[in-house]
Amino acid sequence: MKIEEVQSTTKKQRIATHTHIKGLGLEANGKALPLAAGFVGQAAAREAGGLIVDMIRQKKMAGLALLLAGPPGTGKTALALGICQELGSKVPFCPMVGSEVYSSEVKKTEVLMEHFRRAIGLRIKENKEVTELSPEETESVTGGYGKSISHVIIGLKTVKGTKQLKLDPTIYDALIKEKVAVGDVIYIEANSGAVKRVGRSDAFATEFDLEAEEYVPLPKGEVHKKKEIVQDVTLHDLDAANARPQGGQDILSLMGQMMKPRKTEITDKLRQEINKVVNRYIDEGVAELVPGVLFIDEVHMLDMECFSYLNRALESSLSPIVIFATNRGICNVRGTDMTSPHGIPVDLLDRLVIIRTETYGPAEMIQILAIRAQVEELLIDEESLAFLGELGQQASLRHAVQLLSPASVVAKMNGRDSICKADLEEVNSLYLDAKSSARLLQQQQDRYIS
């Protein structure tokens, strides 16, 4: 009898450069652990990042900016992502690269303003009349070819009772979009018809579900009731929703029905009106401002126009925490002949708190390579790791990490599951690193067009 293992239907997560970073890896007293949350070394930088996280949580850092400075491949982007992981999913985190501002369609300052407003969250609490339910059965009344759905009949069930409702056909689209199935717990807003899927009813928790998810209890009370709805939106969501208003719906219900429009600028007048409404909501206690994090990598790519705009934007009352990162030393500010540390004008540098990242030592490189091999589910022996660490010291850590995947392919071609030193030597002979390539260019200048 043939026995085969059934593969899970859960999609495998794509492994990215910083998949292994799960936080800053700090103790309760703020001290950095040598190896924790995917981080190795950089103790001083991680501890400094931990203080920044505490200040953000206490809302003491709005309008301040942070600069991560260090050589290439020393964990600047990883540190920013670690700060993001520590803050949690409720705090907006908006990453961008300096070169993104150079668009042919939109002004540079407009791109920066859009990212600024993406990084400012608004937590709005509203009391709405909702129908909270767990569908028992759905039936759509359809005609022949070319006919559309006239209405949706749905069975609703709570702890206190069951009801059959005849719903508008637009709710059918919302049910399909939310992928609602029999046994899910959902709620429907009475005024807008917006459907939100809360989770799977715990009455179905005995099912053998390959893609296990969160089970929630069957809703208590009556089918129709008033409920406090907490919604997290960003200021950019409000800008985009109100740039193309649709009549008869409130500001929040509009969020779920946004179509992605062609890239157009949102006017300052509209933003000022939204700021007035937001400030009124905050004063009334209906909403709470959640300053998030805007991470601008390769900040030396910005020019004087962008830097002067950032100076003004950081002074605004509605400003996120801005984290810059750069690997440049003393160089020209883009578009000028003026030299400055990190390619950033001195007046903006005065506003920044600077965290330095240090080059990794041989032992730290080997630990990082071992973590990456584990994340990519690759088998590698100690000798091969030590050899790869040496390559990392000679070339760069990034180059050493990039050799792992091709080496695993070579190992499989040679009939092995585990990567050995011979596989790495073969791959290293096939691929040049940046330093070796530059050395070769210098030796063979006459063969190339310059």
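For this structure, a couple of remarks:
- Among the criteria (1) over 22 Å from Arg118 (Cβ atoms); (2) touching an Asp or Glu at 6+ places or on another chain (Cβ under 6 Å), the one Ala373 does not fulfil is (2).
- Test for Ala37: is it without any contact (Cβ under 8 Å) to a residue 24 or more places away in the chain and either among the basic types (Lys, Arg) or more than 21 Å from Gly121 (Cα to Cα) (or both): no
- Wholly enclosed strands (runs of 3 or more DSSP E) of region 274-342 bearing at least 3 residues over 19 Å from Gly70 (Cβ atoms) and among the aliphatic types (A, V, I, L, M): 287-291
- Restricting attention to region 394-432, the residues that are assigned to a helix (DSSP H, G or I), open to solvent by 30 Å² or more (accessible area, probe 1.4 Å) and touching a Gly at 6+ places or on another chain (Cβ under 7 Å) add up to 1.
- Within region 279-303, the set of residues being charged (D, E, K, R), open to solvent by 40 Å² or more (accessible area, probe 1.4 Å) and in contact with a Ser or Thr (Cβ under 7 Å, 6 or more places away or on another chain) comprises Glu298 only.
- Of all residues making up region 65-98, the number that are of a type outside the set (S, T, N, Q), in contact with a Ser or Thr (Cβ under 9 Å, 6 or more places away or on another chain) and assigned to a helix (DSSP H, G or I): 4
- Residues of region 17-49 that are open to solvent by 10 Å² or more (accessible area, probe 1.4 Å) and outside any loop (DSSP other than H, G, I, E, B): Leu26, Ala32, Leu35, Ala36, Ala43, Ala44, Glu47, Ala48.
- Test set (1) exposed (fewer than 15 other Cβ atoms within 10 Å of the Cβ); (2) within 20 Å of Glu315 (Cα to Cα) - Gly88 fails condition number: (2)
The values are calculated or read from the model by the stated rules, or taken from the named source; none is laboratory data. Source: prediction; values computed, not measured. So basically every Cβ, Gly included, is an ideal-geometry build from the backbone, and we count neighbours across all protein chains shown. Areas reflect the complete protein model, heavy atoms only, side chains present, ligands, DNA and RNA absent. Shrake-Rupley method; radii C 1.70, N 1.55, O 1.52, S 1.80 Å.
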